[in-house]
Each structure stands twice: as C-alpha cells, then as structure tokens.
Amino acid sequence: MSRAFVKELEDAVEELPERAISPHPNLVTVDGLARIEAEVTRFQQEHAAAQAADPLSQQHHAPPPPPHDRAALARAARDLRYWTARRASAQLVAAPSDRSKVHFGSTVTIVRGDGRRQTFRIVGEDEADPARGTLSHVSPLARALFGKQVGDAIEVARSEAEIVEIA
C-alpha cells in the first residue's frame, strides 16, 4: 500500500464532521435527560477505551495507530462532544399536569381521516422515534397539536385528524 494512500486515510479520519446541534431549545423529559446522561457515560467509556488502544497515548515513540483505531477515537470524541453539549443545554420539562390541552410531554391520540388511530408522546428531539410512538416537539405534527384540545381537528399530511385523547 502506498504511503500516499495511507496518508489519505489518516486525513479522512481527522476530518470527521461534527454532529449538528439543533437550533431549537433542547427541551427534554425525565426519560430524555436519562438517555442523554447514558449516552455521555457510554461515549466517555468508548473514548477512554479508544485512547487506551492508541499506542501514542501509551508511549511517545510508538508507531502511529492504525486508521481504524484513530477512526474509533475520532468518532467517540465527536459523539462525546455532541452528547456533552446536549446535556449542557438540556431544559428539563416536568410532565404536564393540565391534560385538557396538548403540551410538551403529552401523550396524544388522533384519528386520521382514513380511520387510522395513532398515539404519540411529544418529547425532545434526541428522544423522538415516531416508529416507537415518540414525536419531536419541533415536528410539524407536534406543532399542529400544541394548545389543542380533545375534539379539535388538525391538518396532518394534507388530511384532517381529530384529537380523541390527551394523557
């Protein structure tokens, strides 16, 4: 393998792009904050393990680490920076006590025009997973739901849906 190719691989590892930080307020539920803490801990451990595997961190005259070890270190460092920033900006929002209107943290059930019934909990961006029933507070659907009550209609994907339950 040519030295130029190896140098290109090493440079590619060093140019790992940062994870984008959302410009929106970092609202989180109790579960969301726990997830952020777990991710910080996980990436601290991964970063420490990657540093321990790096011969340069062990002695000053060792050969450079293989590119895959450097890539693991770069990824762990990048993800640790992301989750540390998310922890620093997290704004814990208590579960809503008012269940008459949709708020951050509410669990909302809608019935779409085609009869499909869907239930979503409105959560922070990092904990949102629509396939598992959690929806980011900055999503168009969540924004359409905020402040609405049972019986209100909202527009969802070019059709109407009715709010049938708020928990």
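Assorted remarks:
Rundown of residues vs (1) at pLDDT below 85; (2) more than 16 Å from residue 125 (Cα to Cα); (3) surrounded by 17 or more Cβ atoms within 10 Å (Cβ to Cβ), yes/no style:
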{"position": "10", "(1), (2), (3)": "yes, yes, no"}
{"position": "24", "(1), (2), (3)": "no, no, no"}
{"position": "37", "(1), (2), (3)": "no, no, no"}
{"position": "43", "(1), (2), (3)": "no, yes, yes"}
{"position": "60", "(1), (2), (3)": "yes, yes, no"}
{"position": "83", "(1), (2), (3)": "no, no, yes"}
{"position": "96", "(1), (2), (3)": "no, yes, yes"}
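- Filtered residues of the stretch 17-48 (kept if without any contact (Cβ under 8 Å) to a residue 12 or more places away in the chain and of a type in the set (A, V, I, L, M, F, W, C)): 20, 34, 38, 48
- Where residue 163 falls short, out of the listed (1) of a type in the set (A, V, I, L, M, F, W, C); (2) within 15 Å of residue 25 (Cα to Cα); (3) more than 16 Å from the chain's Cα centre (by Cα): (2)
- Scoring residue 71 on the criteria (1) more than 27 Å from residue 160 (Cα to Cα); (2) modelled with pLDDT of 95 or more; (3) more than 16 Å from the chain's Cα centre (by Cα); (4) small (Gly, Ala, Ser) leaves a single failure, condition (2).
- Test: residue in the stretch 102-109 that is more than 27 Å from residue 19 (Cα to Cα), buried (at least 17 other Cβ atoms within 10 Å of the Cβ) and out of contact with any strand residue (DSSP E or B) (no Cβ under 7 Å at 6 or more places or on another chain): yes
The values are calculated or read from the model by the stated rules, or taken from the named source; none is laboratory data. From a predicted model like this one, the values you see are computed outputs, not experimental measurements. Cβ atoms come from the backbone with ideal geometry, glycine included; neighbour counts cover every protein chain shown.
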